[in-house]
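Down below is the structure, laid out as structure tokens.
The values are calculated or read from the model by the stated rules, or taken from the named source; none is laboratory data. All values derive from a computational prediction rather than experimental measurement. Here the Cβ positions follow ideal geometry from the backbone for every residue, glycine too, while neighbour counts run over all protein chains shown.
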Amino acid sequence: MPKTILITGASTGFGRDTAETLAHAGHAVFASMRDPQRKNREHAEALRKQGIEVVDLDVSSDASVDRAVKEVLARAGRIDVLINNAGIASAGITEAFTSDQAKIVFDTNVVGLLRTTRAVLPAMRKQGDGLIVNIGSILGRVTFPFFGIYGASKFAVEALTDSLRYEVSQLGVDVTLIQPSAYPTQMYASAQQPVDADRAAAYGAVGEIPGAMFKHFMATFQAANAPNPHDIAVAIAKLVAQPKGSRPARTVVGAAFGSDTVNEQTAPVQAHVVEVLGLGHLTKVA
């Protein structure tokens, strides 16, 4: 059955590909992005030519999020699926990032996700049905050196997703998480870099490692056997098509780096915690 789907951060990358994939599958897709009239005008026009609706939405603004969700509800009457894809990457010597830089990452990756979820949930609760797909990362389960701030934001998304899943399960809403590995998208090319050059320089040879890691990633992304970002869209489309209550809590996509093992070993511990709290009934979607 066709669904009405809202995707954040859909101008490029995972979001753009997912919007196109779901639209081609017959769903009514609202691709949201910042400033589709100017900054992202070309991206917006390309999506509209494919029959995809475009919405102006900035996840860092309460007013923008609320306005965009109201617009979608006014035009479509409902929102069946929210895909929280918008995000910002960050890599480098952790000490060399300022607190303001860290706030930007968390405001986008964590608080931004909460903003859109809060805006959509009242409609989903009213209709007694809905799906929220959060885009996390394998770095929300395992840690790479020099990705501490980004990883911390994705660890936060893990906790937020789990808590939401329990809290809305009896209201007919399903919440699931995609954990992508590294893929060749604009996100990595535009990753936030630390601004305190003096502190980075104080690390000597260690401070040169992030640059070497990026060169390795870029070389991997340009290789003939480079990972295909379309893997994410395929995984999301599969989740959208699955019946409510049958979706996995987490889906690793790409090179797992052990995150799949962490998922497997953590699941029974988490289930036990909820049972001990006497809240085991919240693990099943009504």
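Suppose the filter is among the aromatic types (Phe, Trp, Tyr), within 16 Å of Ala86 (Cα to Cα) and touching a Phe, Trp or Tyr at 6+ places or on another chain (Cβ under 9 Å); does Phe30 pass it? If you could, list the steps in order and put the result at the bottom.
On the way: among the aromatic types (Phe, Trp, Tyr): yes; within 16 Å of Ala86 (Cα to Cα): yes; touching a Phe, Trp or Tyr at 6+ places or on another chain (Cβ under 9 Å): no.
Here the answer is no, as Phe30 does not meet what is asked.
Run down Val274, Val252 and say which single residue is surrounded by 14 or more Cβ atoms within 10 Å (Cβ to Cβ), out of contact with any Cys (no Cβ under 6 Å at 6 or more places or on another chain) and in a helix (DSSP H, G or I).
Val274
Anything in the range 37-69 that is under 22 Å from His230 (Cα atoms), touching a residue at least 24 places away in the same chain (Cβ under 8 Å) and of a type in the set (A, V, I, L, M, F, W, C)? List them, or say none. So that I can check it myself, show each step before the final result.
Taking the range 37-69 first, the residues under 22 Å from His230 (Cα atoms) are 40, 42-54.
Now drop any that are not touching a residue at least 24 places away in the same chain (Cβ under 8 Å), which leaves 40, 43-44, 47, 50-54.
Of everything in the range 37-69, those that are under 22 Å from His230 (Cα atoms), touching a residue at least 24 places away in the same chain (Cβ under 8 Å) and of a type in the set (A, V, I, L, M, F, W, C) turn out to be Ala44, Leu47, Ile52, Val54.
Consider only pairs whose beta carbons are under 6 Å apart and that are at least six residues apart or on different chains; among these, list those whose first residue lies in the range 70-81 and is under 15 Å from Asp174 (Cβ atoms) and whose second residue is of a type outside the set (A, V, I, L, M).
From residues that are under 15 Å from Asp174 (Cβ atoms), the pairs are Ile79/Thr4; Asp80/Lys3; Asp80/Thr4; Val81/Lys3.
Report whether or not Thr261 is surrounded by 12 or more Cβ atoms within 10 Å (Cβ to Cβ), of a type in the set (S, T, N, Q) and free of Cβ contacts under 8 Å to residues at least 60 places away in the same chain.
Here the answer is yes, as Thr261 does meet what is asked.
Tally time: how many residues in the range 135-162 are basic (Lys, Arg) and over 26 Å from Ala19 (Cβ atoms)?
Summing the residues that are basic (Lys, Arg) and over 26 Å from Ala19 (Cβ atoms) in the range 135-162 gives 1.
Within the range 112-128, which residues are surrounded by fewer than 18 Cβ atoms within 10 Å (Cβ to Cβ) and either within 16 Å of the chain's Cα centre (by Cα) or in contact (Cβ under 8 Å) with a residue 24 or more places away in the chain (or both)?
If the condition is that a residue be surrounded by fewer than 18 Cβ atoms within 10 Å (Cβ to Cβ) and either within 16 Å of the chain's Cα centre (by Cα) or in contact (Cβ under 8 Å) with a residue 24 or more places away in the chain (or both), then Leu114, Arg118, Arg125, Gln127, Gly128 are the ones that fit.
Search the range 234-245 for residues that are more than 11 Å from Thr21 (Cα to Cα) and pair each with any residue that is buried (at least 16 other Cβ atoms within 10 Å of the Cβ) and among the hydrophobic types (A, V, I, L, M, F, W, C) when their beta-carbon atoms are under 7 Å apart and the residues are at least 6 apart or on different chains.
Matching pairs, first to second residue: Leu239/Val133; Val240/Leu22; Val240/Val81; Val240/Leu131; Lys244/Val285; Gly245/Val285.
Cβ-Cβ distance below 6 Å, separation of 6 or more or different chains: which pairs start in the range 7-21 with a residue that is farther than 14 Å from Ala237 by Cβ and end on one that is assigned to a helix (DSSP H, G or I) and aliphatic (A, V, I, L, M)?
Final answer for the pair search is Ala10/Ala19; Gly13/Met187.
In a loop (DSSP other than H, G, I, E, B) and either closer than 30 Å to Gly204 by Cβ or β-branched (Val, Ile, Thr) (or both) - does that describe any residue in the range 115-128?
The answer is no; no qualifying residue exists.
Could you please find all residues in the range 22-48 being more than 18 Å from Thr4 (Cβ to Cβ) and assigned to a loop (DSSP other than H, G, I, E, B)?
Across the range 22-48, the qualifying residues are Arg34, Asp35, Pro36, Gln37, Arg38, Lys39, Asn40.
Give the residues of the range 155-199 that are in a helix (DSSP H, G or I), under 14 Å from the mean Cα position of the chain (by Cα), of a type in the set (A, V, I, L, M, F, W, C) and over 28 Å from Ala223 (Cα atoms), sorted by residue number.
Phe155, Ala156, Val157, Ala159, Leu160
On the given criteria, is Ala152 within 20 Å of the chain's Cα centre (by Cα), modelled with pLDDT of 95 or more, outside any strand (DSSP E or B) and farther than 30 Å from Val72 by Cβ?
yes
So which residues in the range 157-180 are out of contact with any Leu (no Cβ under 9 Å at 6 or more places or on another chain) and in contact (Cβ under 8 Å) with a residue 12 or more places away in the chain? So that I can check it myself, show each step before the final result.
Taking the range 157-180 as the starting set, the residues that turn out to be out of contact with any Leu (no Cβ under 9 Å at 6 or more places or on another chain) are 159, 163, 172, 177, 180.
Hits for the range 157-180 are Gly172, Leu177, Pro180.
Can you go through Asn228, Asn263 and tell me which one is outside any helix (DSSP H, G or I), within 19 Å of the chain's Cα centre (by Cα) and among the polar types (S, T, N, Q)?
Just one listed residue meets the conditions, Asn228.
Does the range 82-103 hold any residues that are part of a loop (DSSP other than H, G, I, E, B) and either without any contact (Cβ under 8 Å) to a residue 12 or more places away in the chain or in contact with a helix residue (DSSP H, G or I) (Cβ under 7 Å, 6 or more places away or on another chain) (or both), and which are they?
Step one: list which residues in the range 82-103 are part of a loop (DSSP other than H, G, I, E, B), which gives 85-89, 91-93, 97-98.
Those that are part of a loop (DSSP other than H, G, I, E, B) and either without any contact (Cβ under 8 Å) to a residue 12 or more places away in the chain or in contact with a helix residue (DSSP H, G or I) (Cβ under 7 Å, 6 or more places away or on another chain) (or both): Asn85, Ala86, Gly87, Ile88, Ala89, Ala91, Gly92, Ile93, Phe97.
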